[in-house]
Amino acid sequence: MRINTTRSVSSVLALSILASTAGAAEPAPTLWNAAKEAGSRPAPLAQAAAGAAADSSLNDKSFFKTSAGKVTLVLMAAGLGATIYSVHHDRKPVKSPIR
């Protein structure tokens with residue numbers, strides 16, 4: 001099925017206008033409101049210290065000892081192997097006057 005260019009452009013424009021009007025329903029933050037909220041929040045250093053204490057159980061293992069790390073290493077090795085194979089088995093070398 002072939003989509004008409006004008007139809008696709010008009011639908012993208014309609015969706016972008018719809019998204020912008022949906023975001024406009026929220027009032028823009030003012031400097032006064034930001035200052036009031038900043039006084040009620042804890043300091044960023046206190047948040048970082050609390051977050052580090054809560055995440056200490058996650059830092060016990062190295063990333064590459066987890067299953068996600070092992071999968072990452074396998075995919076990286078496969079990509080490196082495919083690259084090396086591709087470089088050494090290239091049948092059409094570049095024929096350029098510069099080279």
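Computed from the coordinates by the stated procedures, all read-outs in this text should not be read as laboratory data. Computed from a predicted model, the values in this text were never measured in an experiment. Quick reminder, even Gly has a Cβ in these numbers, built from the backbone with ideal geometry, and neighbours come from all protein chains shown.
Most exposed first by the Cβ proxy, i.e. fewest other Cβ within 10 Å, how do 83, 72 rank? Intermediate values should be presented prior to the final figure.
Working: 83 10, 72 13.
Going from least to most buried by this count: 83, 72.
Mind ordering 61-67, 86-92 by average Cβ neighbours within 10 Å, highest first?
Packing order, densest peptide first, comes out as 61-67, 86-92.
Say R0 is 25 Å: what FRET efficiency, to the nearest 0.05, do residue 10 and residue 30 get from their beta-carbon distance?
0.10
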